[in-house]
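Computed from the coordinates by the stated procedures, all read-outs in this text should not be read as laboratory data. Computed from a predicted model, the values in this text were never measured in an experiment. As a convention, Cβ positions derive from the backbone with ideal geometry for all residues, glycine included, and neighbour counts pool all protein chains shown.
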Amino acid sequence: MNDTGSKPGYRPSLAYLSLGDDYYDPVAPADFPMAIERFRNRRWDGRVGLDGLDDERFAAHFARFQPLPDNHPTPLALRYHGHQFRAYNPEIGDGRGFLFGQVIDGDGRLLDFGTKGSGQTPYSRFGDGRLTLKGGVREVLATELLEALGVYTSKSFALFETGEALHRGDEPSPTRSSVLVRLSHSHVRFGSFQRWLADNNAANVGRLVDYAVEWLMPDCARESPEAQVLAFYQRVGDNVARMSAEWTAAGFVHGVLNTDNTVLTGESFDYGPYRFLPHFDPRFTAAYFDQTGLFAFGRQPLSIKWNLARLGECLMLLVPIDGLETVLGGFDEAYNRFLRVAMLRRLGLQAGDGDADRAMIDALFRFLDATRMPFEAAMFDLFGGPARLTKALAGPRAAFYAAAEFTPLRSLLEAATPAPDAGLAHDYFDGDHPTTLLWDEIEALWAPIAERDDWSAFTTKLASIARVREAYGLAR
């Protein structure tokens with residue numbers, strides 16, 4: 001009997017168990033005092049065949065962590081190491097999360113249910129293994145908007161308030177607690193490989209490569225083991241170059257680009273002190289503790305390339321360095337190629353001559369840098385190029401477009417062609433202002449939750465983000 005109450009689309013998987021117990025530790029979830037549903041991803045529960053769960057059973061699985069049918073019988077805290085702010089740390093792993101289960105979606109892709117705030121594990125060190133409710137709310141908002149803007153991201157699948165009082169040094173305490181469930185196409189991190197490099201264990205590095213090829217990128221399978229490793233590394237390099245480009249196009253600053261926060265699929269993942277740009281600024285940082293600007297907006301591609309090099313060091317246990325260096329050397333070109341795609345998508349324009357497209361993107365960034373125009377407002381106003389220029393020039397931000405720096409960009413936009421699937425007819429573009437998620441907006445919608453348990457601003461923001469998703473049609 002299928003007690004998920006789901007449609008036949010529910011397809012469980014035990015893929016991660018095939019790696020063996022070198023890669024994880026079975027753990028028990030925390031026993032929370034309560035489970036109040038604050039968010040359920042109604043778009044994605046249907047895509048994995050779980051939309052038939054009533055509220056009680058949904059909470060049983062995604063707040064109490066009763067195993068899903070024919071799925072992982074116990075949660076698994078994944079083992080990994082990582083560079084954190086470029087300092088190597090062998091004392092980490094899943095410290096407040098675990099792999100709860102795996103499913104196959106309608107497109108045949110493996111997806112992981114991973115948690116945040118689900119209790120202590122062998123890797124918690126001195127942490128309590130919990131997540132603040134504000135942290136959970138922030139992650140839901142980030143993933144929803146990034147998905148709407150075309151960024152390949154983990155999905156916030158469920159958020160439950162859990163009834164504990166937490167003490168934190170960076171927000172008023174005690175504060176409310178939560179547990180978040182993410183849905184991702186993989187939680188295998190660069191740090192998962194680094195753990196085995198530290199032990200000089202080539203066999204276990206190779207098993208991770210084989211797992212990734214079998215379950216995540218089967219078209220990278222090769223008869224030659226060396227060719228397969230290089231195909232795998234090339235795919236991962238492309239994945240993370242694309243991720244970096246999509247962040248640039250979304251005006252997004254992740255904040256903490258450690259190797260344990262970088263996954264093989266190139267999904268944007270693990271949202272702590274993120275920010276969206278108020279205006280274009282390559283030096284803008286998201287984390288108050290990033291005082292050197294290591295992970296600033298303009299340095300994100302370099303940081304991801306640095307992480308890719310660390311993965312390459314692990315693969316040197318399996319193949320000669322020459323092929324790995326070739327892949328790493330191609331990262332910058334791949335990033336620029338993906339940036340062109342991402343920016344044209346954000347602007348609703350059809351690809352044209354490569355040189356002209358690159359010139360337009362460069363002119364846009366120069367305009368934004370010179371005028372300090374709000375980043376998302378520019379993407380909104382200029383969407384569709386010549387189709388909406390007249391509206392932009394007469395709109396509430398007309399003064400920015402009167403600047404001399406706009407002149408070269410204007411001529412390039414007028415020569416561009418709107419993409420046929422740009423969605424220009426959506427009424428989202430009839431308004432004067434885009435949906436944004438700046439720091440003060442998050443603080444403003446959190447205040448009524450904290451003060452009087454009023455979730456209306458949060459609900460309204462999610463509804464506005466849904467309109468963005470409909471307008472752009474970019475969710476993946």
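Give the distance, in whole Å, between the Cα centre of the range 210-259 and the Cα centre of the range 74-110.
Between the Cα centre of the range 210-259 and that of the range 74-110, the gap is 16 Å.
Once amide H atoms are built 1.01 Å from N in the peptide plane, which residues 5 or more positions from Q102, or in another chain, come under 5 Å H to H?
Amide H to amide H, under 5 Å and 5 or more residues apart or across chains, Q102 pairs with S13, H72, F113.
Only Lys, Arg, Asp and Glu count, each charged at its Cβ (+1, +1, -1, -1), so figure out the dipole size of the range 191-340 about its Cα centre, rounded to 20 debye. Please report the intermediate quantities before stating the final value.
On the way: 12 positive and 18 negative charges, 89 e Å.
Using Cβ point charges on Lys, Arg, Asp and Glu, the range 191-340 gives about 420 debye.
With only Lys, Arg, Asp and Glu charged, each at its Cβ (+1 for the first two, -1 for the last two), find how big the charge dipole of the range 317-476 is about the Cα centre; round to the nearest 20 debye. Present the calculation step by step, with values, prior to reporting the outcome.
On the way: 16 positive and 24 negative charges, 73 e Å.
Dipole size: approximately 360 debye.
Across bins of 20 angstrom width beginning at 0, how are the C-alpha pair distances of the chain distributed, in whole percent?
The percentages, shortest bin first, are 23, 56, 20, 0.
Could you tell me the calculated FRET efficiency between D55 and M316, based on Cβ-Cβ distance and R0 = 41 angstrom, to the nearest 0.05? Mind dumping the intermediate values first?
On the way: r = 50 Å, r/R0 = 1.23.
Here the calculated transfer efficiency is 0.25.
By a straight-distance test (C-alpha under 16 Å), which lysines pair with K155 as possible cross-link partners, with residues fewer than eight away in the same chain excluded?
K116
Can you tell me which lysines have their Cα less than 16 Å from the Cα of K461? Leave out same-chain residues fewer than eight positions away.
K134
Chymotrypsin sites (Phe, Trp or Tyr not before Pro) within the range 276-326: which are DSSP loop residues with at most 15 other Cβ atoms inside 10 Å? The partial results should precede the final answer.
Values: sites: F276, F280, F284, Y288, F289, F295, F297, W306; in loops: F280, F284, Y288, F289, F295.
The qualifying sites are Y288, F289.
As a test of the formula, what do you get for the chain when each DSSP H run with n ≥ 4 contributes -39,500 (n - 2.57) and the sum is divided by the residue count, at 222 nm and rounded to the nearest 500 deg cm²/dmol?
On the way: 16 runs with 195 residues, N = 476.
Value at 222 nm, helices only: -13000 deg cm²/dmol.
Over the alpha-carbon set of the range 202-279, work out the extent along each principal axis and list the three values in angstrom, largest first.
Computed over the range 202-279, the largest-to-smallest principal extents equal 49, 22, 17 Å.
At 0.36 nm per residue, minus the direct Cα-Cα distance, what do L17 and T74 gain on full extension? Give it in nm, one decimal, please. Show your work: numbers first, answer last.
Details: separation 57, 0.36 × 57 = 20.52 nm, distance 1.08 nm.
Length difference between fully extended and current span is 19.4 nm.
For the range 348-472, how big is Rg over Rh, using alpha carbon atoms and the Kirkwood form of Rh? Provide the component values of the computation, followed by the final result.
Values: Rg = 16.8 Å, Rh = 16.1 Å.
Across the range 348-472, the Cα-based Rg/Rh ratio is 1.05.
Kindly state, as a whole number, the per residue volume in cubic angstrom of the convex hull around the alpha carbon atoms of the range 1-110.
Numbers: hull volume 16.5 nm³, N = 110.
Per residue, the Cα convex hull of the range 1-110 comes to 150 Å³.
List the residue ranges in the chain for DSSP H helices whose C-alpha atoms run 30 angstrom or more along the long axis and whose Kyte-Doolittle average is -0.5 or above. Don't skip to the answer; put the middle values down first.
Numbers: long enough: 225-250 (38 Å, -0.15).
Helix filter hits for the chain: 225-250.
Report the one residue of W455, G206, P282 whose Cα lies farthest in the direction of the positive end of the charge dipole of the chain (charges on C-beta: Lys and Arg +1, Asp and Glu -1; origin at the Cα centre).
Checking the options against the dipole of the chain, the answer is P282.
Does the range 121-229 come out rounded, prolate or oblate by the C-alpha gyration tensor, with a ≥ b ≥ c the root eigenvalues, rounded set by a/c under 1.5 and, if not, prolate when a/b is larger than b/c and oblate if not? Could you put the intermediate results ahead of the total?
Numbers: a/c = 3.56, a/b = 1.76, b/c = 2.02.
Note, shape of the range 121-229 comes out oblate.
Calculate the all-directions average of the projected area of the range 12-187's alpha-carbon convex hull, and give it in nm².
10.7 nm²
Looking at G9, W44, Y24, which one has the Cα that reaches farthest to the positive end of the dipole of the range 1-129 (charges on Cβ: Lys, Arg +1; Asp, Glu -1)?
Of the candidates, W44 comes out farthest on the positive side.
Only loop residues by DSSP count here, and only those with at most 10 other Cβ atoms within 10 Å; note down the chymotrypsin sites (Phe, Trp or Tyr not before Pro) in the range 1-104 that meet that. Show your work: numbers first, answer last.
Details: sites: Y10, Y16, Y23, Y24, F39, W44, F58, F62, F65, Y80, F85, Y88, F98, F100; in loops: Y10, Y23, F65, Y80, F85, F98.
Within the range 1-104, no chymotrypsin sites (Phe, Trp or Tyr not before Pro) qualify (loop, at most 10 other Cβ atoms within 10 Å).
Choose one of L445, S124, M34: the residue whose Cα lies farthest towards the positive end of the charge dipole of the chain (beta-carbon charges +1 Lys, Arg; -1 Asp, Glu; about the Cα centre).
L445
Rounded to the nearest 0.05, what FRET efficiency do A415 and E470 give with R0 = 22 Å and r taken as the Cβ-Cβ distance? Could you check?
Working: r = 29 Å, r/R0 = 1.31.
With R0 = 22 Å, the Cβ-Cβ based efficiency is 0.15.
Take the alpha carbon atoms of the range 409-463, find their radius of gyration, then divide it by 2.2 N^0.38 Å using N residues; give the quotient. Mind showing how you got there, number by number?
On the way: Rg = 17.4 Å, N = 55, 2.2 N^0.38 = 10.1 Å.
Normalised Rg, Cα atoms only: 1.73.
List the pair-distance distribution P(r) of the range 191-340, using every Cα-Cα distance, as the percent of pairs falling in each 5 Å bin from 0 up to the bin containing the longest distance, rounded to whole percents.
2, 10, 19, 21, 19, 13, 9, 5, 2, 0
In whole Hz, with x marking every Gly and Pro, tabulate ³J(HN,Hα) for the range 19-26 from phi via Karplus 6.51 cos²θ - 1.76 cosθ + 1.60, θ = phi - 60°.
Once θ is set to phi - 60°, the couplings for the range 19-26 become 6, x, 7, 5, 9, 7, 10, x Hz.
Taking the Cα centre of the chain as the origin, how large is its charge dipole in debye, to the nearest 20, when only Lys and Arg (+1) and Asp and Glu (-1) carry charge on their Cβ atoms?
Using Cβ point charges on Lys, Arg, Asp and Glu, the chain gives about 440 debye.
If you average 1/r over all unlike Cα pairs in the range 201-241 and invert the result, what Kirkwood radius do you get in angstrom? Don't skip to the end; give the middle numbers.
Details: mean 1/r = 0.0982 Å⁻¹.
For the range 201-241, the Kirkwood estimate is 10.2 Å.
So which chymotrypsin sites (Phe, Trp or Tyr not before Pro) in the range 378-476 pass both tests, a DSSP loop state and at most 16 other Cβ atoms within 10 Å of the Cβ? All intermediate terms of the calculation are to be shown ahead of the outcome.
Values: sites: F380, F383, F400, Y401, F406, Y428, F429, W439, W446, W455, F458, Y472; in loops: F383, W455.
Taking the range 378-476 and a limit of 16 other Cβ atoms within 10 Å, the loop chymotrypsin sites (Phe, Trp or Tyr not before Pro) found are W455.
In nm, give the distance between the simple-model label positions of H433 and D355, each being 7 Å from the Cα along the Cα-to-Cβ direction.
4.3 nm
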